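The values are calculated or read from the model by the stated rules, or taken from the named source; none is laboratory data. Remember, it's a predicted structure, so these values are computed and weren't measured experimentally. Cβ placement follows ideal geometry from the backbone for every residue including glycine, while neighbour counts extend to all protein chains displayed. The accessibility values were calculated without ligands, DNA or RNA, using every heavy atom of the protein model including side chains. Shrake-Rupley method; radii C 1.70, N 1.55, O 1.52, S 1.80 Å.
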Amino acid sequence: MTATETAEAYRVFGTVHTKGHSPAYERVGVAVADSAELLERLVALPPVKRQPNLLLAAVRYLDGPVDSGEAFVGWALAHWEQVRAVILAHATQTNEAGRCATLLPLLAALPQPLALIEVGASAGLCLYPDRYRYRYDDTPAFGAAESPVTAVCATTGPVPFPAPDRMPQVVSRAGVDLNPLDPADADDARWLESLVWPGQQTRLDRLRAALTVARTEPEPARIVRGDLNERIAELVAGAPKGATPVVFHTAVLCYLPPEARRAFTTAMRELPCRWISNEAPDVLPEIDARLPCPAPTDRGVNILALDGEPVAFTGPHGERLDWFAQAR
Ligand SMILES: C[S@@+](CC[C@H](N)C(=O)[O-])C[C@H]1O[C@@H](n2cnc3c(N)ncnc32)[C@H](O)[C@@H]1O
């Protein structure tokens with residue numbers, strides 16, 4: 001990525017991805033895109049370390065200012081060595097339990113019980129869909145009665161909502177991540193909090209509540225360290241007999257080079273499992289090619305698919321679910 005391409009990534013972050021979600025990051029994204037000095041420092045980093053979410057989280061982790069674009073850029077330049085060290089030591093590991101609201105209709109429709117296997121699990125907060133409550137549009141919330149987590153989701157189209165008494169039955173929770181985060185570790189929690197965009201208090205509250213759920217689960221998710229392509233076969237083989245192994249991933253494959261994505265999708269077609277993907281447009285071209293309409297470009301979306309068949313566009317943090325009429 002050149003300085004021009006990096007500037008464009010920050011401008012799109014500020015004008016499309018965070019638009020209407022985080023006014024502070026709208027300003028900061030554009031200010032970084034306009035700062036030749038900061039862009040020069042960013043392009044000296046490895047390409048995977050130049051992403052907006054990583055720089056912005058690093059500055060927040062260090063308690064730098066994010067309310068004004070000018071103050072952000074000035075602070076990041078003045079503290080660059082510290083910022084750079086945090087960037088190099090961390091990765092974008094945003095863990096958003098709210099994404100379970102987009103997965104739930106597919107999970108509930110599969111043959112039960114389920115053996116969940118998440119690739120790119122971060123702290124594993126998406127491995128507890130049966131431990132959360134859900135509110136779709138204006139309907140009453142349903143799900144785990146005492147849960148401190150409620151995922152709220154606006155929908156369009158013929159979403160196959162699960163009946164409130166037909167929540168997924170999860171008999172095992174497993175995952176893999178290059179760097180599994182520990183819900184009980186204070187520094188991991190601080191990094192996860194730094195990745196939540198400023199002004200998104202509901203997301204921050206949900207993250208804290210989901211960390212509590214993960215910390216207090218009697219049989220917590222088992223997340224192995226490693227590359228998803230190297231560990232996926234053993235995870236599927238380890239699913240309990242009699243359960244449906246479901247491999248899923250949300251906002252993960254964008255971090256893999258194209259050949260590694262292809263290796264993973266081949267594994268998904270060959271291994272004895274069901275496959276739920278929730279990734280941005282352009283990440284899985286064979287799924288994009290089956291879309292009934294082009295993905296919107298005026299807002300961030302992911303494409304939700306079951307076994308390679310697209311069923312809906314989703315909001316990046318699970319806030320929207322736009323089900324395709326064709327995908328009944
Ligand atoms: C943006 S986070 C998403 C976390 C979670 N799926 C969610 O939606 O809340 C992406 C995660 O993928 C992991 N990851 C990236 N590349 C990976 C790979 N090749 N193998 C395993 N995990 C990977 C990262 O470490 C990070 O925790």
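Overview of results
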quantity: Cleavage-rule hits (chymotrypsin sites (Phe, Trp or Tyr not before Pro)) in region 234-328: DSSP loop, at most 11 neighbouring Cβ within 10 angstrom; calculated: none
quantity: Extreme residue, positive dipole direction of region 97-323, given options Val246, Phe264, Trp191 (C-beta unit charges); calculated: Val246
quantity: Translational diffusion coefficient (Stokes-Einstein; Kirkwood radius from C-alpha pairs) of the chain at 37 °C, 0.692 mPa s, in µm²/s; calculated: 162
quantity: Area of His21 that stays accessible when all protein chains are in place (1.4 Å probe, Å², to 10); calculated: 70
quantity: Given charges at beta-carbon only (K, R positive; D, E negative), |dipole| of the chain in Debye; calculated: 520
quantity: Cα-based shape type of region 34-134, given that a ≥ b ≥ c are square roots of the gyration tensor eigenvalues and the cut on a/c is 1.5; calculated: prolate
quantity: Cα gyration tensor, region 111-194 - rounded (a/c under 1.5), prolate or oblate; calculated: prolate
quantity: Region 267-319-region 99-142 distance, computed between alpha-carbon centres (Å); calculated: 16
quantity: Under-5 Å amide H pairs with Thr156, H placed in peptide plane, nonlocal only; calculated: Leu321, Asp322, Trp323
quantity: With all protein chains modelled, accessible area of His17 [1.4 Å, Å²]; calculated: 80
quantity: Accessible surface, 1.4 Å probe, highest first, among residues Tyr136, Tyr61; calculated: Tyr61, Tyr136
quantity: Listed residues Glu234, Glu118, Glu259 arranged by accessible area, highest first, probe 1.4 Å; calculated: Glu259, Glu234, Glu118
quantity: Cα centroid separation, region 34-84 to region 211-262 (Å); calculated: 31
quantity: Kyte-Doolittle mean at least -0.5 and Cα axial length at least 20 Å: DSSP H helices in the chain; calculated: 201-216
quantity: Shape category assigned to region 201-328 from the gyration tensor of Cα positions, a/c cut at 1.5; calculated: oblate
quantity: Highest-fluctuation residue, Pro46, Pro158, Pro240 considered, GNM on the chain with Cα pairs under 10 Å; calculated: Pro46
quantity: Under 5 Å, built H, 5+ apart or other chain: amide partners of Ala123; calculated: Leu181
quantity: Counting DSSP beta bridges with both ends in region 97-323, the antiparallel % (nearest 5); calculated: 35
